[in-house]
Amino acid sequence: MLTLKTPLKNISKILPKYHKILDKLELRTVEDLLSYFPFRYDDFSQTVKVSPEYINQTVTIEGVVTKTKSARIPRRKMTITEVTIEDDNKTPLKAIWFNQPFVLESLREGTFARLSGKMTLRGKTLQMTNPSWEKAARETTNTGCLVPIYSETSGITSKWIRWQLKPLLETARQMEDVLPYDLRQRLNLYDIYTALSQIHFPESREKLLRAQKRFAFQEMFLVQLRTLQIKTQWENNPASPIKFDEKLIQGFVKKLPFKLTDAQRKASFEILKDLENPLPMNRLLNGDVGSGKTVVAAIASLQTASAGFQTAIMAPTEVLARQHFESFCKIFENYNINIALLTNSYKLANNFEFRVSSFDSDSNFQNSNLKNDSKFKIPNSKLSRNALLDEIKSGNMQIIIGTHAIIQEDVQFKNLALIIIDEQHRFGVAQRAYLQQETMDVRDGQKKTIPHLLTMTATPIPRTLAIAMFGSLELSLLDEMPKNRKEIITKIIPATVRQEAYDFIRQEIKNGRQAFVILPLVEDSKVLTELKAATSEHRRLSEEIFPDLRLGLLHGKLKSKEKEAVMEDFKNKKSDVLVATSVVEVGIDIPNASVIIIEDADRFGLSQLHQFRGRVGRGEHQSYCFLFTNSDTEKALERLQAMEDTSDGFEISQKDLELRGPGQFFGLVQSGLPDIAMEHLSNIKLIKFARAEAQNILSSDPELANHPLLAQALQKFQEKIHLE
Ligand code: ADP
Ligand code: MG
């Protein structure tokens, strides 16, 4: 009998040649395949007569095959297959397929067929190119309905998946529902069988929506359960109380080259107050690019160091870690604080970089150049890996800066009391929960306390959303920018005026400035296509547009050493234009860069665009952001218009939230749920419900002992997040 656990290999309809591909997709059992969700749907539900009134619309038609033809074009290694269909309107429609001669095996003359696709006019003939098709006598699976599209890997098509899934669907009845019955009743959610059926074979848009809503809810519900559980654990741990030394902090603030904004003051105060508690802080510093989070982090670290404890600061990449290191060295120029930079590069060399900004007089690392230099210079010392780890373990190093590896690897601390994390991506709640878990595993030398945790967002999160999602952590808002900022001039650039933008860049570079060009990540691209897209655009720009300029190229395939070298070159003005793919963190500070071009800007979310834009305008120069687009749809342009209209990050992220919903906003794709389902998280209400229901269950059953299915699902969920 077919069960959920039946290996796909045992299903005779699935030919052996597919086994390997399925395995690669980690689809091994019937249940796996049922849980493989479409990532979008083609709407073929509109069935019409063949008629010119539907030109350029995606529709379904039904009729009899009156003529067939198949021709090979050896020169182009291609076959072209043509089928003419007539319905009772008596207008013929010609369907054309490339390289699918087998179509004719099913669609012979006289067959009743159903085709779905875009109707076009070629000369005087109505036509469909590569339409979906099936015999009209069959149930609508590939035509005539909402047709699910799965992410296709070579060798497996959506059509094949649909064909395999249909007979397996019944087994979904054996599935136990993770969502308790009374909860589903209360919230009017589909049971698991109905939801799965409608996800794979939607009968209507409404039913599909309802199914997606169920899964979106389920995901959020699990996330909330996990977060709340961790919160409880978190609060059961002691942390080292760090006394607020007002004089020290005031002295520090007074000597800063600028006046803190009120928001910075308030946030610093909130953090310092939290640190005084013997319970671990869990605070999110929510602020826009350039709102000055670094100095707030510095204040917290200063207080921690002065109280005799260590701080770990983690950046998403080595390049950013180094930048933080440099900022901190500069900020603490006149303080007796030892700062270490721990990057991964040490794996490559025996010697790895270690620098301190200032030295105890009895320290071995004295660097006499430091104080004499009128201009700040980073002292450069190197220690063997073990020697530096010893310095950290002994407590000689008070601030340790690096990537995530700091807490994941074998670094031992003497008394780590504060962890600060500068995010690259907006973490979803799940990742955040995982992070907290990790933090709880980091113990100081005496294994009694856990560190306080401060995370800093890369992009502002709308307050309403932050509260709904992260109700379990404290929020500090930096909603005010330092006064001295020049607004970045933002322009949407359609294809027709690109050249002017390029000319403008050349002018800026003549004036001594530099520019970024950001390329989008090609849709469902693997690293290889990213590489190809990046190199070819780099070549095009170097050869055709800026043959006279020096162009750097940064993409995800580069080793971190290579990335750093490219960045360094740009920073040192050895290149004029930096072409970078969007997967690469360009969060590095280049005050001399005054222009940023974002290619295919319509493909990005507003928050992301805003973040890119923040790469310029960091120096004293008037800066510009050009949003290149080939799209002329009103919706896309309206979205981009928001970028021209405002530079307020909170306003932009609010708009992004309204347009794309929290799922997109947090990029919860990691959860395995397709984007399309996440979109249906679009109302914060759903998150709130999930939270309330999670609270409800945990209040009577904190360990989920009476909800074994939920406990199991959470376990799986946890493992998935862990693997990210
Ligand atoms: P982000 O929040 O993006 O991390 P940073 O901390 O890097 O921002 O700050 C951006 C720039 O603004 C830095 O050069 C920093 O020295 C400067 N800055 C920070 N706070 C202020 C302030 N209150 N007034 C003026 N400049 C400031
Ligand atoms: Mg920053």
(message) If you build the convex hull over the alpha carbons only and average its shadow over all orientations, what do you get for the chain? Give it in nm² to one decimal.
(response) 36.4
(request) Kindly state, to the nearest 0.05, the FRET efficiency for Q499 paired with A636, given R0 = 25 Å and r defined as their beta-carbon distance. (result) 0.70
(request) Please list, or write none, the lysines whose alpha carbon is within less than 21 Å of the alpha carbon of K574, excluding same-chain residues fewer than 8 places away. (result) K377, K510, K559, K561, K563
(message) Skipping prolines and chain starts, which residues have an amide H placed within reach, meaning under 5 Å, of the one on I149, given they are 5 or more residues away or on another chain?
(response) F39, R40, Y41, D42
(request) Taking the chain as the reference, fit the longest principal axis to its C-alpha atoms, fit the long axis of helix 527-540 to the helix C-alpha atoms, and give the angle between the two in degrees, 0 to 90, nearest 10. (result) 80
(request) Check the straight Cα-Cα distances from K414 and name the lysines below 18 Å, setting aside those fewer than 8 residues away within the same chain. (result) K393, K447, K448
(message) Need one number for the range 46-144: average projected area of the convex hull over its C-alpha atoms, nm².
(response) 6.1
(request) Mind checking the range 125-225 for GluC sites (Glu not before Pro) that DSSP puts in a loop (not H, G, I, E or B) and that have at most 10 other Cβ atoms within 10 Å? (result) E139, E176
(request) List every residue whose amide H lies under 5 Å from the amide H of A593, counting only residues 5 or more places away in sequence or on a different chain, with H placed 1.01 Å from N in the peptide plane. (result) Q514
(request) Can you tell me the 0 to 90 degree angle between the C-alpha axis of helix 634-645 and the longest principal axis of the chain, rounded to 10? (result) 10
(message) Using a 10 Å cut-off around each Cβ, can you sort H621, H610 from fewest to most neighbouring Cβ atoms?
(response) H621, H610
(request) Above 28 angstrom, tally the Cα pairs of the range 489-646 and express them as a % of all pairs, no decimals. (result) 13
(message) If neighbour count is taken as other Cβ atoms inside 10 Å, put C145, C625 in order from fewest to most.
(response) C145, C625
(message) Past 20 Å, Cα to Cα: identify those pairs from K255/K330; K330/K557; K17/K135, in the order given.
(response) K330/K557; K17/K135
(message) Tell me the relative contact order for the chain as a rounded percent, counting alpha carbon contacts under 8 Å between residues six or more apart.
(response) 12
(message) Can you give me the angle between helix 708-723 and the longest principal axis of the chain, using Cα atoms only, in degrees from 0 to 90, rounded to the nearest 10?
(response) 70
(request) Given a cut-off of 27 Å, name the pairs among K491/K685; K254/K293; K159/K635; K20/K716 whose C-alpha atoms lie farther apart than that in the structure shown. (result) K491/K685; K159/K635
(request) Please give, to one decimal in nm, the separation of the simple spin-label points placed at E26 and I149, each 7 Å out from Cα toward the Cβ. (result) 2.4
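Read-outs throughout are calculated quantities, based only on the coordinates presented, and are distinct from any laboratory measurement. Please read all numbers here as calculations on a predicted model, not as lab measurements. Note: ideal-geometry Cβ built from the backbone for every residue, glycine included; neighbour counts use all protein chains shown.
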